Every structure is written in C-alpha cells, then in structure tokens.
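Everything on this sheet refers to the single structure shown next.
The values are calculated or read from the model by the stated rules, or taken from the named source; none is laboratory data. These numbers were taken from a predicted model, which means no experiment stands behind them. Protein only, heavy atoms only, side chains kept; ligands, DNA and RNA dropped before computing areas. Shrake-Rupley method; radii C 1.70, N 1.55, O 1.52, S 1.80 Å.
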Amino acid sequence: MTAQIRAGTWRSWGGNLTAEPAITVRPTDSDQVLRVLADAAAAGWRVRPAGSGRSCAPLVPTDDVLLDTSALKGLVSVDEDHQRVTVFAGTTLQELNLVLEQHGLALANLPDSSHMSVGGALATGTHGTGLGQPSLGGQVIGLSLATPEGELISCSETHRPELLDAARVNLGVLGVVVSVTFQCVNAFRLHCAEFREPIGSLLDTMQERMSAADHFEFSWMPGTTMAHTRILSRLHRLPDTYTRPASLISRALRRTDDAVLRTSLTAGLGRVGNLIPRAVSRLNRIESLAESSRRYTDVSYRVFTVARPVRYVAAEYALPLEATASAVRELRTLVDAHVYDLAFPMTVRCSPPDQGHLSPAGGRYTGWINLRQYGRRPSQTFLTAAEQILVDHGGRPHWGTLHTRTAEELAPLYTQWNEFLTLRAAMDPQGTLLNPHLRRLLGL
C-alpha cells in the first residue's frame, strides 16, 4: 500500500467506540485511495473510511483496514462566478468555511459542529436547522467516489444523478468519497437571538415558530420548565451598517460567555453529576440558569456553529414535523417520571424535505430530537425507553447516532431503500466496504 501506514487504536470522539485495525492508512490523494482499496480487495480485507470520529454509531470500527481521511484535505477548485467549490472529503467543515470566506462565499446552512469532515458529515446525513434551507447533502451538486473495483467515479446533477442522490447520505458503503462539490451562496451574516421561555407554551406554537424563522432551534434541560430558544435571521439583504460582523470586543465577550458559562460550567457540573447521579436534576437547574438571553450578529458560519468541548454520545431521531411537539412532551414525561440522569439538554431542530435515498428527512418536513449523554456512562435504559417514543411517532434514526433499529424495521421507512442496496451491490460487489454493524443495518 502506497499510503502512509501506521498502527494503533482508533477511538471515537465521544469515547464509546474503539477499534484495533490490522492496518491504518492515511492517503493524501485519489491514486493512493484507489491503491489501498485494490490491495485490500485482492487480499480479501475489509476497509472502512474514517473522518473525524464524531459518529457514535459503530460505522467505522474494523479489524482489517481503517482508511483515515484526515490527510485527504484541501481545496480542489473554486468557481466564484457560479459559486461552486470542490474540496477533498477529509476537509473539515471549519476548514471549508475558511476557504469559502476567502472567496466571498458560504454554505446556505450548516450543522452546529464544524469539526467533522465533509465526507463523514455526508455519510451520516448531517443537518442544520431551518425549514427553508437544505441540509448539507442538499447543497452537494457533485462528488467523486473511489470504488474497490478500481474506478474513480464522478457523479453530478447531470451525470449519473441517481448515484449522486444515493451518495448524499451514503454510510461509506458506495465507495470512498474523495472529493465533494458544493453549490454555495454569497457570504452573508446572521443575527442570533437567544432567550429563555416556558417550554409548555413554546411547544404549543412550535411548528408556527419554526415556519416563521429562517433558522430555529431550542433546548430543554431536564428537571426545568424553561427552554432556551435560538432564532437565527439572515441579514444579507440589509445595509452593511446594520449587518456588520461583531466587533473584536463583542466577539471576545461572547467567546468568554461560551467558554465560562456554557462550556466550563457544563463540564464541571457534568463531572459532579457523573460522581453523584442523584444530584443531576438539581445541577441541571443551575446550568439552565447560566444560559442567559443575548443577541449578536456575525458572519454566518460563526453563528451556525457552537463549541462542543464536552464529549458525549447522542441519540437523534428525525420525526414528521407535526409529530415533534407531541414526542417532546412524552419525552419530558418519561424523564420527569423516572428521574433519569440526563445531564445534557434535549435539543430540537427542524429541516425541509431532503434529498438522498437514505436521508432521515427524506420526503417530509422534519423535526429533529437530539438526546445527549456522557459517553462513559450512557443510560441504555433511558435510551431504550426514549427510542420507543421516537419510533412510535414515526421517527427515523440519524445514522451517526445511537439506535437499535434493524434493516427489517428501517426498510419500510425509505421508499428508495432497495434502489440504494442495488447501487451498493454494483459499486462494491464483494462487500469490501462493509463491517458487521453495516451488514446488520442494511440486512446483508
């Protein structure tokens, strides 16, 4: 294998997954990716691509070859006239955002974490929030895939569009994504308004609130009656005198607020709760009070994304938008009745109908419910009970988070499930890119 080879243990960011691959390779270009896949296929080894390790579902672990994409990064090309940018798949969203800023461009919507790789984010169906703007996969207009059959296949909206739609959410089983082309927009600014309000009245009007805002989300801390609402308004059409980015002083103050009250306090209270689980409910009330109201304006990617230094694992489900408020109410009842030690806030976002054969938001306006726990002690009892509520409300799991769904349960939820499996078989007939989890997940 021509790519850099090293040994060692792979660990997920949340700490719940580890792997001891026989070989870890770190290719830097498409030729090296193709050589790794060809050598592995010839030897009968399995290969799993790895991005930043943010997923807590076991999509990456393998005993054979782990293909680390962290060196497969950087700008491939930019077309400012048509607002299109192509980057290698190992580029992180933060690195992509900086490249786009240099060219006066931006992505129309972003997830709240900027540390994941482009390829990993696409593999799992990563999304932002807002009913009028597409998820990350919906902004992709082309990509290239290296297959175990030795081909570098390109697809776009005009060339092999059926493959592009399947690859928008690909689980890393159609091939190794080498490069991705995004349709961008002019750089713009966002105004963020954050405030606390009673969760009961918020849920009564949640769907209308989501429809009225450019980007809307809220979080609820178990053990409290208040929600922390976050409304983002796009300001690119207003005068620069109003939409200018935050000053260095205001940005520094906001970062201090994030670092002290919204990060260090969260981490400290979480450690106490880890030692004294019975205190979690009271600690949550303290943390909820720390999230005060504030307003600020900045360039879009600095507002979309938030710091996530406290490590966790998550379960997230995509529900029909009209069922989301009811599911949140039932989850609140579950938490309050059983006093589960859920030390992170429940977060609720929204997205429009999505493209992609296996997109959890495919074909419907979607509400996303995210439940986070510390990776070292996730409560399976809570997750099992919560998952049943989410499933009963028509939920589909986010592919990168914890869930127990099987192929038999998932296939009826996706109208193009069989089309995806047919493409997968054509792209990787020997199953080189599968691991045991993916075989169970896809029913192979």
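For segment 396-412, just list the computed ³J(HN,Hα) in residue order, Karplus coefficients 6.51, -1.76 and 1.60, θ = phi - 60°, integers in Hz, with x standing in for Gly and Pro.
My calculation for segment 396-412 gives 10, x, 5, 5, x, 10, 5, 6, 10, 5, 10, 4, 4, 7, 7, 3, x Hz in order.
Before anything else, pin down the relative contact order of segment 291-444: Cα pairs under 8 Å, at least 6 apart, normalised by residue count, whole percent.
Working: 185 pairs, mean separation 43.5, N = 154.
Once divided by the residue count of segment 291-444, the mean separation gives 28 percent.
With N denoting the number of residues in segment 1-87, provide Rg(C-alpha) divided by 2.2 N^0.38 Å, to two decimal places.
Details: Rg = 14.8 Å, N = 87, 2.2 N^0.38 = 12.0 Å.
Cα-based Rg divided by the globular estimate yields 1.23.
Let me make sure I get this right: for segment 77-133, a, b and c are the square roots of the gyration tensor eigenvalues over alpha carbons, sorted descending. Under 1.5 in a/c it's rounded, otherwise prolate if a/b > b/c, else oblate. Which is it? It would help to have the intermediate numbers written out before the result.
Numbers: a/c = 1.83, a/b = 1.27, b/c = 1.44.
Note, shape of segment 77-133 comes out oblate.
Can you compute 3J(HN,Hα) from phi for each residue in segment 130-146, using the Karplus curve 6.51 cos²θ - 1.76 cosθ + 1.60 with θ = phi - 60°, rounded to whole Hz and x for Gly and Pro?
After applying 6.51 cos²θ - 1.76 cosθ + 1.60, I find x, 7, x, 10, x, 6, 4, x, x, 9, 8, 10, x, 7, 10, 10, 8 Hz.
When only C-alpha pairs under 8 Å and at least 6 residues apart count, what is the relative contact order of segment 142-201, in percent? The partial results should precede the final answer.
On the way: 52 pairs, mean separation 21.6, N = 60.
Value for segment 142-201: 36 percent.
If you count only protein heavy atoms and use a 1.4 Å probe, how large is the accessible surface of Val85, to the nearest 10 Å²?
0
Show the residues, 5+ positions off or on another chain, whose built amide H is closer than 5 Å to the amide H of Ala343.
Under 5 Å from the amide H of Ala343 lie the amide H atoms of Tyr374, each far enough along the sequence or on another chain.
Apply the Kirkwood formula to segment 66-197: the hydrodynamic radius equals the inverse of the mean of 1/r over all pairs of different alpha-carbon atoms; give it in Å with one decimal.
Numbers: mean 1/r = 0.0659 Å⁻¹.
Radius from the Kirkwood sum: 15.2 Å.
Along segment 429-437, what does the Karplus equation 6.51 cos²θ - 1.76 cosθ + 1.60 (θ = phi - 60°) give for ³J(HN,Hα), rounded to whole Hz, x for Gly and Pro?
x, 8, x, 4, 9, 9, 10, x, 4
Tell me, what is the per residue accessible area of segment 41-112 in Å², probe radius 1.4 Å? List each step's numbers first, then the result.
Working: 2730 Å² over 72 residues.
That works out to 38 Å² for each residue.
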